[in-house]
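Colleague: The structure that follows is given in the form of C-alpha cells.
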Amino acid sequence: MSVIVIFLDAERWLAEAIDSVAAQTLADWELLLVDDGSSDGGSAFARAVAARDPDRVRYLEHPGHQNRGMSAARNLGLRHARGRAVAFCDADDVWLPDKLSRQHGLLAAHPEAGMVASAMEYWYSWTGDADDRDHVPRSGLPPETVVQPPELLLRMLRNETRSPGICTVLIRRSVATAVGGFESRFRGMYEDQAFLAKVCLTYPVLVTDDVVARYRQHPASSYARARATGMATDAELRYLAWLAREVFSRYGRQRGRAWESLRAILQRHRRSWRQRLAAALKAVARR
C-alpha cells in the first residue's frame, strides 16, 4: 500500500497528517512525502521523518526544489509508488485509524472496482471553538454501491452526490496509471476533481458512506484562498471546460442514457463558459 502526502509550507499540520498514517491498523504501507518547494520548516521535518524510517518512508522533491503545483507533486509520488493500491492524505488533513484496512478489504471484495471512495468529515472543530461544528455529507447511495461509469460523475454534476475528497479514496495503482495520473494543467484547485473524473469515466467505483478522514477547514487552504479572492468560480469554469473537451474527444461514441445525459450537461456548461469568456474579452477590449 502506497500513501502519498504532498505538502507546501505546511509545517504547522504535517506532523499530524503523518501521525495519522503511522497510526493505521493496517501496517503494510509505505509513505511518500512529496515536497512541492516548501520554504518553511516542513522540508527539514519531512527529511528527518524519512531518515528515521528509510525502509517505509521516502522524501521526494522536484529538481532544484521547484514548486510545480499539486498535480505534478501527486504524479511524482505516483511514479515512485510501489504498492498495488495508492491513497492520498493532504498535509492539513488526517485519517481515521482504520481507513486503510477498511478500504483494502473493500477493494479485495470487489475486484471489479478500480477505486473505493468513502466519506469524510468536514472538520471545523479542530480549532477548539464551540461554535465550529463538523458535518459529514452523505452520498445518497445505498451502502457499498459499485457505480458504473459515467454514473458517479453524472450524479456529482447534478449535485446529487458530493464529489469524493482525495483523502477518502483508495485506488489501484494500475488504474491511476492507466488514466494518466493527475492533469498538470491544474496546479491547485480542481486537480483532484480532474483526476477523479477520469477514473469515474473509465472504471467502476465503489462508494461507501463510511467516514475515513477528517478534512480540515481553515482560511489558508487553497480552496478558501480561492473563494476569498474570487478565483473559485473561474477555476470551476476552467475545470468544466476541460471536462467537456475530455468527454467529447475521448468518450463521444459511448452510447446509453447516462452518457447522453452527461454530454448534455457538459454541453450546457461549455456554452456558459464560452459566453463568459467572450464577455470577459469584450470587457478587456473596452479598457
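Colleague: Please specify each residue of segment 172-193 satisfying the condition of being more than 15 Å from Phe88 (Cα to Cα) and either outside any loop (DSSP other than H, G, I, E, B) or of a type in the set (A, V, I, L, M) (or both).
Modeller: Ser174, Ala178, Val179, Met189 - these are the residues of segment 172-193 that are more than 15 Å from Phe88 (Cα to Cα) and either outside any loop (DSSP other than H, G, I, E, B) or of a type in the set (A, V, I, L, M) (or both).
Colleague: Ok, one more. What is the residue count in segment 50-71 for residues that are surrounded by fewer than 21 Cβ atoms within 10 Å (Cβ to Cβ) and either outside the structural domain of Leu196 (by TED's automatic domain parsing) or out of contact with any Lys or Arg (no Cβ under 6 Å at 6 or more places or on another chain) (or both)?
Modeller: 15
Colleague: So, in segment 229-253, of the ones that are in a loop (DSSP other than H, G, I, E, B) and touching a residue at least 12 places away in the same chain (Cβ under 8 Å), which residue ends up farthest from Arg185 (Cα to Cα)?
Modeller: My answer is Tyr251.
Colleague: Another question, if that's okay. Among what's in segment 199-214 and is within 22 Å of Trp242 (Cα to Cα) and out of contact with any helix residue (DSSP H, G or I) (no Cβ under 7 Å at 6 or more places or on another chain), pick the residue that is surrounded by the fewest Cβ atoms within 10 Å (Cβ to Cβ).
Modeller: Thr202
Colleague: Which one of Ala46, Ala81 is in the same structural domain as Pro164 (by TED's automatic domain parsing), under 30 Å from Val205 (Cα atoms), buried (at least 17 other Cβ atoms within 10 Å of the Cβ) and touching a strand residue (DSSP E or B) at 6+ places or on another chain (Cβ under 9 Å)?
Modeller: Every option except Ala81 fails the conditions.
Colleague: Further question: Arg216 passes all but one of (1) under 16 Å from the mean Cα position of the chain (by Cα); (2) within 24 Å of Gln24 (Cα to Cα); (3) modelled with pLDDT of 95 or more; (4) not small (Gly, Ala, Ser); which number fails?
Modeller: (3)
Colleague: Next question, about the same structure. Taking only segment 92-126 into account, find how many residues are within 19 Å of the chain's Cα centre (by Cα) and assigned to a loop (DSSP other than H, G, I, E, B).
Modeller: Total meeting the criteria: 5.
Colleague: Right, next: Identify all residues within segment 249-269 that are surrounded by 13 or more Cβ atoms within 10 Å (Cβ to Cβ) and polar (S, T, N, Q); write none if there are none.
Modeller: Passing the criteria: Gln254, Ser261, Gln267.
The values are calculated or read from the model by the stated rules, or taken from the named source; none is laboratory data. Owing to the predicted nature of the structure, the values given are computational and were not obtained by experimental measurement. Every residue, glycine among them, receives a Cβ derived from its backbone with ideal geometry; neighbour counts consider all protein chains shown.
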